[in-house]
Amino acid sequence: MFLLKVVLLSIRHHLLRFLLAIIGLAVSITSLVYLMSFGEGARSLIRKNARAFNLQILVLPPGQALSVQPILPRQLADSVRALGVGKVYAVLRLPYTGGFPPKAVGVVFGKDFASSLHFLADYSIEKGRDLTDSTRREAVVGSVMARTAGWKIGDTVVIGTGKYVIVGIAKAESPIVDNAIIVPLNLLMEDMGTERILAVAVAPPPERSREVVEILKKRFPNYSVQTSEDLMKLAQSFVAMGDAIRFGLSSIALFVTAVFLFAIMAITVQERRWEFSVLRALGATRWFIFRLVIVQAVAVSVIGWLLGVLLGWGLVEVSGKVMVRVFGLNLLDMSAGIVLLSLLVAIVVGFVGSVFPAVSAVRINIREGLGR
Amino acid sequence: MKTLRAEDLRKIYGKKVKTVAVDGFSYEFMPGKSYAVVGPSGSGKTTLLYLLAGIEVPDEGRVTYGDTVLFSMGDDGRARFRADHFAFVFQQFYLIPYLSALDNVSVSLYLKTGRTDLKRAREILKTLGITDPSKRPYEYSGGEQQRIAIARALITDPEVIFADEPTGNLDSKNSAMIFKILTGIARERRTVIIATHDLDLASTCDVVLHLRDGRLVNT
Ligand SMILES: Nc1ncnc2c1ncn2[C@@H]1O[C@H](COP(=O)(O)OP(=O)(O)OP(=O)(O)O)[C@@H](O)[C@H]1O
Ligand SMILES: [Mg+2]
């Protein structure tokens with residue numbers, strides 16, 4: 001405690017100089033926290049969606065993990081259903097951007113009335129009613145989508161060449177469904193001028209899921225059979241790749257800060273030669289002096305970290321709110337993991353920036369330090 | 001009773017041009033006595049004090065305190081030994097500028113025990129005439145600063161106190177006061193060794209050692 005007090009008082013003594021280091025650290029920690037929050041946000045979106053979606057197995061076009069073009073024949077759904085491996089759902093979706101500049105961003109889903117599954121994910125009707133008829137040009141929209149686009153029940157939504165009347169507002173656990181427009185599958189196919197679908201989703205009885213994967217693989221060797229677990233892993237690995245890139249970007253700022261801290265600590269140690277020599281004469285060991293320098297630098301970086309985390313948190317909150325207003329979903333999430341990671345990074349920067357100055361402080365000749 | 005014994009100490013500085021700073025110094029310092037080391041500038045007073053305290057390493061000879069041979073220990077071992085048994089007072093006071101008088105005094109006890117004792121620090125400062133110990137060093141006069149430095153030396157209850165020209169930066173009134181304090185400390189069964197230029201003040205010590213060219217000339 002006394003040591004910490006001494007260190008903090010000595011930081012205050014050279015406040016201007018250390019303030020520069022603290023600001024440098026705060027800025028680079030802010031950028032680290034902010035950039036890493038994107039990955040964390042994406043991960044939590046994936047988790048929420050994975051929890052909300054019932055299906056566990058997808059039959060996809062050969063060699064594909066995530067399809068964007070509908071190239072599977074619709075009849076494939078019937079062939080899978082004939083196997084009796086669980087509930088089967090024909091998947092067709094397309095991205096939706098409404099207004100200019102884009103106000104509402106989401107996904108249009110086809111509702112497969114032929115399936116015994118209600119929908120890909122659970123949702124409840126918040127206002128109005130659900131879709132009831134595969135031949136009526138009606139739509140259910142997610143609550144967030146309705147809010148951002150300013151839609152009410154009775155409004156018309158245009159998808160490609162088709163027009164749909166909104167009959168219900170849906171609320172769901174999944175952010176995707178919250179941002180969805182759900183219309184009858186066959187009408188959507190008609191509007192898109194296609195006879196094809198993106199994928200066939202299968203929800204097997206839980207205890208049979210392993211077995212069903214094998215059955216599907218054997219039966220449809222020319223298609224790609226993926227479990228939702230595989231897909232989640234794939235999505236996570238994309239996020240992890242992004243994490244690495246974002247971490248790399250922020251580490252440039254951190255490196256510069258470490259060099260800066262090094263320069264400041266080197267100057268400080270030079271200036272305090274007599275102080276360290278006095279302490280040595282009074283009985284301080286070399287290890288004590290080493291620690292004194294390291295603790296000082298780490299204290300500086302932890303103060304910078306504290307500022308940086310607060311700043312980053314504020315930034316994440318504000319831009320999260322803006323994102324929700326503009327896009328209807330928040331890609332930013334600041335987890336305890338990020339806070340801890342950034343603390344660790346700050347401590348490492350403090351250590352790296354001060355280890356050489358600390359060694360030079362240890363090497364000071366006491367008599368020379370005291371000035372003869 | 002532990003004595004501080006120097007045996008044939010020799011210290012040479014410089015590689016090309018060699019200066020023999022201390023040349024065959026032998027002496028035994030007793031507890032309860034104050035010693036003044038006098039001599040012209042460059043006669044080796046400071047070097048001798050640093051050798052006796054284990055701060056500088058001699059080229060020849062040895063220093064023993066009680067049964068302990070100082071230079072059989074490593075650098076950190078001697079540092080710990082200093083914290084436990086010795087104390088130092090400097091000409092330039094060398095108080096840490098950003099710490100209060102109280103914290104400055106606490107530093108040496110912290111080095112010895114890893115703890116502070118503010119009550120004790122306050123008491124010692126008070127007996128030395130520092131009643132407001134919360135100010136920082138520059139807010140005190142030179143004489144007060146040196147008394148704070150003496151308090152920093154005394155709080156660890158040291159057995160040997162080294163003072164290198166402790167009155168070099170003080171006027172005569174303050175100098176006399178500091179000497180009175182230091183020689184008084186020796187009465188408490190401590191060894192006090194003071195290097196000084198001032199022969200009048202030196203004569204207030206129990207023993208005066210004359211150095212010339214690093215050699216003890218007479219006592
Ligand atoms: N690091 C060093 N390198 C070279 N020579 C040194 C060094 N330190 C001391 N000396 C020399 O050793 C001799 C003794 O110096 P020392 O400082 O012990 O004398 P002193 O009696 O304390 O002098 P003063 O009264 O001026 O303080 C001097 O000639 C000095 O120049
Ligand atoms: Mg000297």
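Could you go through the range A:9-27 and let me know if any residue there is assigned to a helix (DSSP H, G or I), among the polar types (S, T, N, Q), within 14 Å of chain B (Cβ to nearest Cβ) and in contact (Cβ under 8 Å) with a residue 60 or more places away in the chain. Yes; the residues of the range A:9-27 include at least one that is assigned to a helix (DSSP H, G or I), among the polar types (S, T, N, Q), within 14 Å of chain B (Cβ to nearest Cβ) and in contact (Cβ under 8 Å) with a residue 60 or more places away in the chain.
With respect to the conditions (1) of a type outside the set (Lys, Arg); (2) without any contact (Cβ under 8 Å) to a residue 24 or more places away in the chain; (3) farther than 29 Å from B:Ser203 by Cβ, B:Gly42 lacks only one, and its number is (3).
If the condition is being outside any helix (DSSP H, G or I) and either modelled with pLDDT of 95 or more or aliphatic (A, V, I, L, M) (or both), then the range A:256-282 contributes only A:Leu282. Got at least one residue in the range B:191-204 being within 16 Å of ligand 1 (Cβ to nearest atom), surrounded by 15 or more Cβ atoms within 10 Å (Cβ to Cβ) and of a type in the set (Ser, Thr, Tyr)? Checked the range B:191-204: at least one residue is within 16 Å of ligand 1 (Cβ to nearest atom), surrounded by 15 or more Cβ atoms within 10 Å (Cβ to Cβ) and of a type in the set (Ser, Thr, Tyr). Just one of the listed residues (B:Ala151, B:Ala163) is within 14 Å of chain A (Cβ to nearest Cβ), in contact with a helix residue (DSSP H, G or I) (Cβ under 8 Å, 6 or more places away or on another chain) and within 16 Å of ligand 1 (Cβ to nearest atom), and it is B:Ala163.
Residue-wise test of (1) within 14 Å of another protein chain (Cβ to nearest Cβ); (2) under 30 Å from A:Ile181 (Cα atoms); (3) hydroxyl-bearing (Ser, Thr, Tyr); (4) in contact with a Leu (Cβ under 9 Å, 6 or more places away or on another chain).
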site: A:Ser319; (1), (2), (3), (4): no, yes, yes, yes
site: A:Ile338; (1), (2), (3), (4): no, no, no, yes
site: A:Ser342; (1), (2), (3), (4): no, no, yes, yes
site: A:Val348; (1), (2), (3), (4): no, no, no, yes
site: A:Ser354; (1), (2), (3), (4): no, no, yes, yes
site: A:Val359; (1), (2), (3), (4): no, no, no, no
site: A:Asn365; (1), (2), (3), (4): yes, no, no, no
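For the range B:182-189, the count of residues that are touching a strand residue (DSSP E or B) at 6+ places or on another chain (Cβ under 6 Å), within 13 Å of ligand 1 (Cβ to nearest atom) and of a type in the set (Gly, Ala, Ser) is zero. Just one of (1) closer than 18 Å to A:Phe260 by Cα; (2) at pLDDT below 90 fails for A:Val326. It is (1).
Summed over the range A:338-372, the residues that are of a type in the set (Gly, Ala, Ser) and either outside any helix (DSSP H, G or I) or within 16 Å of ligand 1 (Cβ to nearest atom) (or both) give a count of 2. Reported count of residues in the range A:135-159, each being exposed (fewer than 14 other Cβ atoms within 10 Å of the Cβ) and touching a helix residue (DSSP H, G or I) at 6+ places or on another chain (Cβ under 8 Å), is 2. Filter the range B:79-89 down to residues that are farther than 17 Å from B:Lys2 by Cα and without any contact (Cβ under 8 Å) to a residue 60 or more places away in the chain and give me whichever is surrounded by the most Cβ atoms within 10 Å (Cβ to Cβ). Out of the qualifying residues, it is B:Ala79.
In the range B:166-180, of all residues being under 16 Å from the mean Cα position of the chain (by Cα) and surrounded by fewer than 19 Cβ atoms within 10 Å (Cβ to Cβ), the one that is nearest to ligand 1 (Cβ to nearest atom) corresponds to B:Gly168. Under the condition of being buried (at least 22 other Cβ atoms within 10 Å of the Cβ) and more than 8 Å from chain B (Cβ to nearest Cβ), the residues counted in the range A:277-291 number 2. Of the numbered criteria (1) more than 8 Å from chain A (Cβ to nearest Cβ); (2) over 24 Å from B:Gly44 (Cα atoms), the one B:Phe179 fails is (2). Filter the range B:45-61 for residues that are surrounded by fewer than 15 Cβ atoms within 10 Å (Cβ to Cβ) and either within 19 Å of the chain's Cα centre (by Cα) or within 14 Å of another protein chain (Cβ to nearest Cβ) (or both) and give the result. Across the range B:45-61, the qualifying residue is only B:Val57. Meeting the requirement of 3 or more residues that are at pLDDT 90 or above, under 33 Å from the mean Cα position of the chain (by Cα) and of a type in the set (D, E, K, R), no strands (runs of 3 or more DSSP E) wholly within the range A:69-173 can be named.
For the range B:28-43, the candidate set comprises residues that are buried (at least 17 other Cβ atoms within 10 Å of the Cβ) and touching a helix residue (DSSP H, G or I) at 6+ places or on another chain (Cβ under 9 Å); within that set, the residue that is farthest from the other protein chains (Cβ to nearest Cβ) is B:Lys33.
Taking the range B:89-103 as the range and being more than 8 Å from chain A (Cβ to nearest Cβ) and over 12 Å from B:Asn169 (Cα atoms) as the test, the residues that pass are B:Val89, B:Leu95, B:Ser100, B:Ala101, B:Leu102. Only one entry in A:Ile166, A:Ile176 is buried (at least 19 other Cβ atoms within 10 Å of the Cβ), under 30 Å from A:Arg43 (Cα atoms) and in the same structural domain as A:Lys127 (by TED's automatic domain parsing), namely A:Ile176.
The values are calculated or read from the model by the stated rules, or taken from the named source; none is laboratory data. In this text, all values refer to a predicted model and were calculated from it rather than measured experimentally. All Cβ positions, even for glycine, are placed from backbone atoms using ideal geometry, and neighbour counts span all protein chains on display.
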